[in-house]
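A.B. asks: Dropping a structure here in structure tokens format, bear with me for questions.
The values are calculated or read from the model by the stated rules, or taken from the named source; none is laboratory data. Fair warning: this is a prediction, and the values are worked out from it, not measured in the lab. These area figures cover heavy atoms from the full protein model, side chains too; ligands, DNA and RNA do not enter into them. Shrake-Rupley method; radii C 1.70, N 1.55, O 1.52, S 1.80 Å.
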Amino acid sequence: MILKDKRLLLCAELVTGDHICDIGTDHGYLPAYLVLTGKCRRATAADINEMPLEAAKSIFAKENISDKADFFLSDGLKNVPLEGVTDIVIAGMGGELISHILSADERVKSFGGTFILQPMTRAADLRKYLAENGFETDTEKGVCEGRFIYSVIRCRYTGKCRSLDPIEEVIGGLDPNIPDDKAYILLQADRLSRSAEGMKNKYPDRSAELMNISRSLRKMCGQEKK
């Protein structure tokens, strides 16, 4: 099986252990790829809906690796056993939903493994939640997929809580010297400047704050507007 989705390939790259648990697995492409390439010896796949879970089962059956996977119909982590799991991937959903999934299960605090999170929207909300609730991010990377740009976060629960500054909320640990990271940062700068422009009459103070952040992001990328 060939995995072409750059977003999922980056998630696979950030896996550190040999037993992946994919929450919201959809068709099961990521866990199947990890087992087929030998990076993981075992996979746990879970989804809230039956149809994508059945599709995932079909992929594993087609590749003759069903004996290396367990499948669970589950709302988030609720029905998923974590014994032996080294990496939990939650990808392809909004940052608020990912935060809710993590906050809804106390086992994340004793899990001890790695979380690989890929928010489709509201990444800043997810970064803020992670920092304020004891998760420490060790890696964050941007990835361009067609006309879209995403961020993938790898973190662990340490119990050490902190606050993020406004720049960290918007871009996390992305590096403006890396092309995909830079593209993500500039996209956020554009988004913030548009938001600032839209609220400058009604909320001038907030507008000025967002515009300053946007300028800072552009300056980081060497594209400061005069």
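A.B. asks: Using every pair of alpha-carbon atoms in region 166-209, split the distances into 5 Å bins beginning at 0 and state the percent of pairs per bin, rounded to integers.
C.D. replies: Percent of pairs per bin, in order: 6, 23, 24, 19, 15, 9, 4, 1.
A.B. asks: Using a 1.4 Å probe on the protein heavy atoms, what percent of the accessible area of region 130-226 belongs to carbon and sulfur?
C.D. replies: Exposed carbon and sulfur together represent 47 percent of the surface.
A.B. asks: In region 72-121, carbon and sulfur make up what percent of the accessible area (probe 1.4 Å)?
C.D. replies: It is 53 percent, rounded to a whole number.
A.B. asks: Something else: When the solvent-accessible surface of protein heavy atoms is calculated with a 1.4 angstrom probe, in what order do HIS100, HIS27 fall, highest first?
C.D. replies: Result, largest first: HIS100, HIS27.
A.B. asks: Can you list residues from other chains, or at least 5 along the same chain, whose modelled amide H is less than 5 Å from the amide H of THR139?
C.D. replies: Under 5 Å from the amide H of THR139 lie the amide H atoms of ARG154, each far enough along the sequence or on another chain.
A.B. asks: Then there's this: At a Cα cut-off below 21 Å, give the lysines reachable from LYS57, other chains included and same-chain residues fewer than 8 away excluded.
C.D. replies: LYS4, LYS39, LYS68, LYS78
A.B. asks: Roughly what angle does helix 50-62 make with the longest principal axis of the chain, taking Cα atoms, 0 to 90 degrees, to the nearest 10?
C.D. replies: 60
A.B. asks: Give a residue-ordered list of calculated ³J(HN,Hα) values for region 148-165 (Karplus: 6.51 cos²θ - 1.76 cosθ + 1.60, θ = phi - 60°; whole Hz; x for Gly, Pro).
C.D. replies: Computed from phi, the couplings for region 148-165 are 9, 10, 10, 10, 10, 10, 10, 8, 9, 7, 10, x, 8, 9, 8, 9, 9, 7 Hz.
A.B. asks: For Cα pairs less than 8 Å apart in space and 6+ apart in sequence, what is the mean separation divided by the residue count of the chain, i.e. the relative contact order in percent?
C.D. replies: Averaging sequence separation for qualifying contacts and normalising by length gives 15 percent for the chain.
A.B. asks: May I ask you to give the solvent-accessible area per residue for the chain, in square angstrom, as obtained with a 1.4 angstrom probe?
C.D. replies: Per residue, the chain has an accessible area of 51 Å².
A.B. asks: Right, next: In whole Hz, with x marking every Gly and Pro, tabulate ³J(HN,Hα) for region 81-87 from phi via Karplus 6.51 cos²θ - 1.76 cosθ + 1.60, θ = phi - 60°.
C.D. replies: Per-residue couplings from phi come out as x, 10, 4, x, 6, 9, 9 Hz.
A.B. asks: While we're on this one: Rounded to the nearest 10 degrees, what's the angle between the helix 179-199 long axis and the longest principal axis of the chain, both from Cα atoms, 0 to 90?
C.D. replies: Computed tilt is about 50 degrees.
A.B. asks: For a quick check: with amide H placed at 1.01 Å from N, whose amide H comes under 5 Å from VAL89's, ignoring anything fewer than 5 positions away on the same chain?
C.D. replies: CYS21, ASP22, ILE23, ILE116
A.B. asks: Then there is this: Given an 8 Å cut-off on Cα distances and at least 6 residues of separation, report the relative contact order of region 91-189 as a percent.
C.D. replies: The normalised contact order for region 91-189 reaches 28 percent.
A.B. asks: Suppose a student asked you for the relative contact order of region 165-226, using Cα pairs under 8 Å spaced at least 6 residues apart; what percent would you report?
C.D. replies: Here the relative contact order equals 32 percent.
A.B. asks: While we're on this one: Return the sequence-ordered ³J(HN,Hα) values of region 37-48 in whole Hz as given by the Karplus equation 6.51 cos²θ - 1.76 cosθ + 1.60 applied to θ = phi - 60°, using x for Gly and Pro.
C.D. replies: With coefficients 6.51, -1.76 and 1.60, one gets 7, x, 5, 10, 7, 8, 9, 10, 10, 9, 8, 7 Hz.
A.B. asks: Return the calculated 222 nm mean residue ellipticity for the chain, to the nearest 500 deg cm²/dmol, obtained by summing -39500 (n - 2.57) across DSSP H runs with n ≥ 4 and dividing by the residue count.
C.D. replies: -12500 deg cm²/dmol
A.B. asks: For the chain, what is the Kirkwood estimate of the hydrodynamic radius, computed as the reciprocal of the mean inverse distance between distinct Cα atoms, to one decimal in Å?
C.D. replies: 18.4
A.B. asks: Please calculate the 1.4 Å probe accessible area of ARG162, with all protein chains present, and give it to the nearest 10 Å².
C.D. replies: In the full protein context, ARG162 sits at about 130 Å².
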